[in-house]
Amino acid sequence: YPSREVILNDIMSESLFLCLEGEKILGCMACIQGDDPTYESINDGCWINDEPYVAIHRLAVVEHGKGVGRYCIDWSINQYRNIKVDTHADNIPMQKLLSSAGFQRCGVIRNRWGDERVAFQGAFNR
C-alpha cells in the first residue's frame, strides 16, 4: 500500500503533491477535496466543524528526521483552511507533528479496511 492504482488515481485527480529538492523526491502526500467516507463517523470525540475540508492521506517521506513531513503539513496549512487527517495509534511522531502544527485530536475513525485510526482536524485562518 499504496498500490499503483491508488497512486495513479491520485495523479489523475490532481491530488498528489511531491516535495522536491531539485529533481529529488523527498516526500509526497495526497490532498483530497470533498467528503471522505471514512470521516463520516467518528468515535470518542467529534470534529471541530462541519465545513468543507481537504483530507491528507498517504503522507510519506524518504528520510525521517529531516523536516520533510513538517514542510508538507505547513504547505497544506498555507493552501487549505480546513484539513482532516488520520494516523495509526502507534505513529506517535505523526501525532506529535500534527499537534505541534496546530491540529486537534478529534477522536477515532475506522479506515476503509475497518482499522482504527486517530483522527485530527485543523481549522486555520489564513
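Considering only residues in region 60-88 that are touching a strand residue (DSSP E or B) at 6+ places or on another chain (Cβ under 7 Å) and either in a helix (DSSP H, G or I) or of a type in the set (S, T, Y) (or both), the one that is most open to solvent (accessible area, probe 1.4 Å) turns out to be Y71. Among the numbered conditions (1) under 25 Å from L20 (Cα atoms); (2) of a type outside the set (D, E, K, R); (3) touching a strand residue (DSSP E or B) at 6+ places or on another chain (Cβ under 7 Å); (4) open to solvent by less than 40 Å² (accessible area, probe 1.4 Å), the only one that F120 does not meet is (1). Among the residues of region 102-116, write down those that are surrounded by fewer than 19 Cβ atoms within 10 Å (Cβ to Cβ) and on the phi < 0 side of the Ramachandran plot. Within region 102-116, Q104, R105, V108, R110, N111, R112, W113, D115, E116 meet the criteria.
Number of residues in region 37-58 that are in a loop (DSSP other than H, G, I, E, B), over 12 Å from the mean Cα position of the chain (by Cα) and surrounded by 11 or more Cβ atoms within 10 Å (Cβ to Cβ) equals 7. What about S13, is it among the hydroxyl-bearing types (S, T, Y) and either over 24 Å from G122 (Cα atoms) or over 18 Å from the mean Cα position of the chain (by Cα) (or both)? Criteria not met by S13.
Consider region 89-126 and keep the residues that are under 13 Å from H57 (Cβ atoms) and in a loop (DSSP other than H, G, I, E, B). The one that is modelled with the highest pLDDT is N111.
For the residues S100, S76, the requirement of being under 23 Å from L16 (Cα atoms) and small (G, A, S) singles out S76. One residue stands out among those in region 17-32 that are part of a strand (DSSP E or B), open to solvent by 50 Å² or more (accessible area, probe 1.4 Å) and free of Cβ contacts under 8 Å to residues at least 40 places away in the same chain: the one that is nearest to W75 (Cα to Cα), which is L18.
Going through (1) within 18 Å of Q33 (Cα to Cα); (2) out of contact with any helix residue (DSSP H, G or I) (no Cβ under 9 Å at 6 or more places or on another chain) one by one, R58 falls short only on (2).
The values are calculated or read from the model by the stated rules, or taken from the named source; none is laboratory data. Predicted model, so just to flag it, every value in this text is computed and none were measured. FYI the Cβ positions are ideal-geometry reconstructions off the backbone, even for glycines, and counts take in every protein chain you see. All accessible areas refer to the heavy atoms of the entire protein, side chains included, with ligands and DNA or RNA removed. Shrake-Rupley method; radii C 1.70, N 1.55, O 1.52, S 1.80 Å.
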